[in-house]
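Derivation of every value follows stated rules applied to the coordinates shown; laboratory data play no part. The shown structure was predicted, so the numbers you read here are calculated from the model rather than taken from an experiment. Note: ideal-geometry Cβ built from the backbone for every residue, glycine included; neighbour counts use all protein chains shown.
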Amino acid sequence: MLKKILVANRGEIAVRIMRACQELGYEAVAIYSEADRLAPHVRMAQEAYLLGAPQISESYLRGDKIIDIAKKCGADGIHPGYGFLAENADFAESVIDAGLTWIGPPPQAIRLMGDKVAAREIMGKAGVPLVPGVGRVGETISDDELIASAHELGFPLLVKAAAGGGGKGMRNVYQAEDLPGAIRAARREAQSAFGDDRVYIEKLIKNARHIEIQILGDTHGNIIHLGERECSIQRRHQKLIEESPSPVVDEDLRQKMGSIALKAAKAVNYYSAGTMEFVLDKKKNFYFLEMNTRLQVEHAITEMVTGVDIVKEMLRTASGRRLRYKQADIKVKGWAMECRIMAEDPANNFMPSIGKIIGLTNPTGPGVRVDSGIAYGLEITPYYDSLLSKLIVLGDTRGETVLRMRRALEEFRITGIATTIPLHIQLMNSTRFQAGQIDTNFLEKNFKFNQISDPELMEVAAIAATLLAHQRNQRAILLHQGGPSPWRLYGRREVLDRRIR
């Protein structure tokens, strides 16, 4: 039975896991780098231990230090969150060998699914539909061989890293002359990110949607799916907005994709939380993309529409308990959407933004949830991922959810650094987005940040902004000229009374 959990992560996901620990009565232990001394996850935990310097190689990737801290503080288990060591099979095995509970999937499943080429082979044998591609398990295919195979597959193509994920080591290629450079660039990025320069190629599905299925299993052989998430709004293969359900997935397709996802998970004896990712073409044919053997950033929208607390289920099943749900219990109710609030400047080619947060107002109201890893006065450094917060909203319909998200975004105030909030507001106002007419190329082909095509509209907007600013100034002056407030008068009377006594 688990009693004390070390959370091997930082930011919003560390806070999220600690909240689940508190609700289950577990003690939560934080780890932190020198740059994260004042971070919210450190203050939330019952205990916190310094890892080292801000660089991840000296802190959050030091699996040996993390295990040593867990043993010294008396932790029973380690939850890795996402990123960092979450999909490192060697680390998972080391945790288990140290006599601790690994709160995640079996290491062997992580290892098999972590190699994208091996995953394709396993999924193919299990009868999961695959995008046509070229790659060999455990081998480095030469650039010349990849180029020769590309002509047989036909363009456009996608060059992908065999190891890792998160959009790194991926390049879209539309013409043959661009392929050699794309292969070299993908190899360099893959080597830098994962220490493995192997790449393979797949046919690029045009105008595809990115659909993923959330799965959840226990160590007793029970496994279910929690429906789909639409993750097509991306920039350079990095997700920006997710929603559940998808605007194009009906109940028949949902059950079909769900059954295939469960079949794929059973092929590697999977348990805990995980995600099967697919691409969906215009004819609603779907193909296996990859499996994420961890908790996803966007898990919250699935929690909102199903009522299943995925993090708490991970903790419970890691203790050896059975899932509390059967497939028949899972019903999708309402519509949830998530915007990733990043410390990036969309007006400056998404340049990372660093500095101190000098103002912070989180949105509230019906159906609004903020999973955040920031606080007033926190210093945003260049050492880590730019994700600050996740804004999640729930409505009865997609239309209501879009309107609610826009309202919540307009309430969200983060000052001191640039964020992607203005981009998300503009996306909520996009008629194509509102209509659900999206695919993975939406941002590149159908949307441009701060684009106003009509000069007359720009002039009208400038006049309106000037009038609004003038009105606010006038109101401020009138408020300032008013008499003293009742609170101030009461305070003066109290002072006078004390003097008279």
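Here are a few things to note about the model shown:
- Its Cα centre serving as origin, the stretch 26-160 has a Cβ charge dipole (Lys and Arg +1, Asp and Glu -1) of approximately 320 debye.
- DSSP-loop trypsin sites (Lys or Arg not before Pro) across the stretch 110-173, with at most 11 other Cβ within 10 angstrom: none
- Lys/Arg +1, Asp/Glu -1 at C-beta; the chain dipole; positive extreme among Gly138, Ala267, Thr361: Thr361
- Dipole magnitude for the stretch 209-446: computed about the Cα centre from +1 point charges on Lys and Arg Cβ and -1 point charges on Asp and Glu Cβ, it is near 400 debye.
- Compared with the dominant Cα axis of the chain, that is its longest principal axis, helix 179-194 is turned about 70°.
- Taking Cα atoms only, the orientation of helix 486-500 departs from the longest principal axis of the chain by about 50 degrees.
- When the alpha-carbon atoms of the stretch 132-203 are used, the pair Rg, Dmax equals 10.8, 30 angstrom.
- Amide hydrogen neighbours beyond the local backbone of Leu204, cut-off 5 Å, H modeled: Leu157, Leu158
- Each principal axis of the stretch 4-103 carries a Cα extent, and these read 32, 30, 23 Å when sorted largest first.
- Counting only alpha carbon atoms, the long axis of helix 398-411 and the longest principal axis of the chain meet at about 50°.
- Taking only the alpha carbons of the chain, we obtain Rg and Dmax values of 25.0, 98 Å in that order.
- A simple spin-label model places pseudo-atoms 7 Å from Cα toward Cβ; at Lys263 and Arg136 they are separated by 2.9 nm.
- For the chain, share of DSSP beta bridges that run antiparallel, in % to the nearest 5: 80
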